[in-house]
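All remarks here apply to the structure that follows.
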Amino acid sequence: MQDVKLSKILREARQTQLALAQRVRIVTLERRPRFVAGVDAAFSGTRVIGSACLFAYVDPSQEYPGAIKNKVDETSVVQEVEFPYVPGFLSFREAPVIISAIRQLEPPPDLIIVDGQGIAHPRRIGIASHIGVLLDIPAIGCAKSRLIGTHLEPGPRKGQWQFLYDKEQQIGAVLRSRDNVRPLYISPGHLIDINGCLDVILHTTTRYRLPEPVRCAHNLSAQNKQLLIC
DNA sequence: GCGACAG
DNA sequence: ATCTTGTCGC
């Protein structure tokens, strides 16, 4: 990626995003997911490690069974990094490997929680929406910090939240996933709405700030990164 | 023109 | 994201 061509590359990437954004659907989740996947990526030199962890968290026929921690499957894929990190274009850097990892999960996930934004993005197509649309699977954006939007400070207790706005539009929620921790920036990726996102995130988060599937994927990526170095 | 800016 | 030890706080 040479700087001289970066502007041209971003121009094309932007067009891709505008097309994908047309396909994003924010709707009420039809049924509670049974197989929930968490995904993340780690970097080492010129390579990127994408990981996906699948959990059978939610009982579709009953109330959420609480902190079930039964991992069903986990996958990891290594690729050469081919895109720089540019705010607003994260998906072109991380989505390819992550999608490869997700495709190897058995069984396929009913929902995916992505480390990044969903529609809380300048063009409403953050990495969670990007992945959700390409795979046609419900997806949630679960970011550790803000990309765009304004919001009131949510209360200090777990479960307290505030809407994230872009102008007058509600694009997500700022959620306290644990008592006294920095809030998470939650936003619909695809085939789900804000309420659905809060419902799933709260029921997949146990004793840490991040939802268990995402935490697992993060650890797996870091672990494989080490194996890659040695 | 000056900041802001997921991972 | 990554480079990195000890340390402040609940």
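Please determine, by comparing only the residues of the range A:134-149 that are out of contact with any Pro (no Cβ under 9 Å at 6 or more places or on another chain) and not acidic (Asp, Glu), which one is surrounded by the fewest Cβ atoms within 10 Å (Cβ to Cβ).
It comes out as A:SER145.
Would you tally the residues in the range A:150-168 being assigned to a loop (DSSP other than H, G, I, E, B) and exposed (fewer than 14 other Cβ atoms within 10 Å of the Cβ)?
7
Matching residues to (1) more than 14 Å from DNA strand B (Cβ to nearest atom); (2) modelled with pLDDT under 95:
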{"site": "A:ILE26", "(1), (2)": "yes, no"}
{"site": "A:CYS53", "(1), (2)": "yes, no"}
{"site": "A:GLY66", "(1), (2)": "yes, yes"}
{"site": "A:ASN70", "(1), (2)": "yes, yes"}
{"site": "A:TYR85", "(1), (2)": "no, no"}
{"site": "A:ILE102", "(1), (2)": "yes, no"}
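Which of the residues belonging to the range A:77-124 are polar (S, T, N, Q), closer than 20 Å to A:ILE192 by Cα and part of a loop (DSSP other than H, G, I, E, B)?
A:GLN117
Consider the range A:87-100. How many of its residues are aliphatic (A, V, I, L, M), more than 8 Å from DNA strand B (Cβ to nearest atom) and open to solvent by 10 Å² or more (accessible area, probe 1.4 Å)?
1
Kindly establish whether A:GLY155 is within 16 Å of DNA strand C (Cβ to nearest atom), without any contact (Cβ under 8 Å) to a residue 24 or more places away in the chain and not aromatic (Phe, Trp, Tyr). First the steps, then the outcome.
Numbers: within 16 Å of DNA strand C (Cβ to nearest atom): yes; without any contact (Cβ under 8 Å) to a residue 24 or more places away in the chain: yes; not aromatic (Phe, Trp, Tyr): yes.
Yes, satisfied.
Kindly list, by first and then second residue, each pair from a residue in the range A:123-152 that is closer than 20 Å to A:GLY38 by Cβ to a residue that is open to solvent by less than 30 Å² (accessible area, probe 1.4 Å) and polar (S, T, N, Q), limited to pairs with Cβ atoms under 6 Å and residues at least 6 apart or on different chains.
Correct list of pairs: A:GLY126/A:GLN117; A:ILE127/A:SER91; A:HIS130/A:SER91; A:GLY141/A:GLN117; A:GLY141/A:SER187; A:ALA143/A:GLN117; A:LEU147/A:GLN117.
Quick one: is A:ARG124 within 13 Å of DNA strand B (Cβ to nearest atom), modelled with pLDDT of 95 or more and open to solvent by 60 Å² or more (accessible area, probe 1.4 Å)?
It is false that A:ARG124 is within 13 Å of DNA strand B (Cβ to nearest atom), modelled with pLDDT of 95 or more and open to solvent by 60 Å² or more (accessible area, probe 1.4 Å).
May I ask you to list the residues in the range A:161-192 that are more than 16 Å from DNA strand C (Cβ to nearest atom) and of a type outside the set (A, V, I, L, M, F, W, C)?
Of everything in the range A:161-192, those that are more than 16 Å from DNA strand C (Cβ to nearest atom) and of a type outside the set (A, V, I, L, M, F, W, C) turn out to be A:GLN162, A:TYR165, A:ASP166, A:LYS167, A:GLU168, A:GLN169, A:GLN170, A:GLY172, A:SER187, A:PRO188, A:GLY189, A:HIS190.
Take the range A:101-114 and flag every residue that is open to solvent by less than 20 Å² (accessible area, probe 1.4 Å) and either under 11 Å from the mean Cα position of the chain (by Cα) or of a type outside the set (A, V, I, L, M, F, W, C) (or both).
Across the range A:101-114, the qualifying residues are A:PRO109, A:LEU111, A:ILE112, A:ILE113, A:VAL114.
Quick check on my filter: what residues within the range A:180-211 are open to solvent by 60 Å² or more (accessible area, probe 1.4 Å) and farther than 17 Å from A:SER145 by Cα?
Answer for the range A:180-211, where residues must be open to solvent by 60 Å² or more (accessible area, probe 1.4 Å) and farther than 17 Å from A:SER145 by Cα: A:ASN195, A:HIS203, A:ARG207.
Would you say A:HIS130 is assigned to a helix (DSSP H, G or I), more than 16 Å from DNA strand C (Cβ to nearest atom) and either farther than 14 Å from A:GLY118 by Cα or open to solvent by less than 10 Å² (accessible area, probe 1.4 Å) (or both)?
So A:HIS130 fails the test.
The values are calculated or read from the model by the stated rules, or taken from the named source; none is laboratory data. Note that this is a predicted model, so its numbers are computed, not measured. All Cβ positions, even for glycine, are placed from backbone atoms using ideal geometry, and neighbour counts span all protein chains on display. Calculation scope for accessible area: heavy atoms of the full protein, side chains included, ligands and nucleic acids excluded. Shrake-Rupley method; radii C 1.70, N 1.55, O 1.52, S 1.80 Å.
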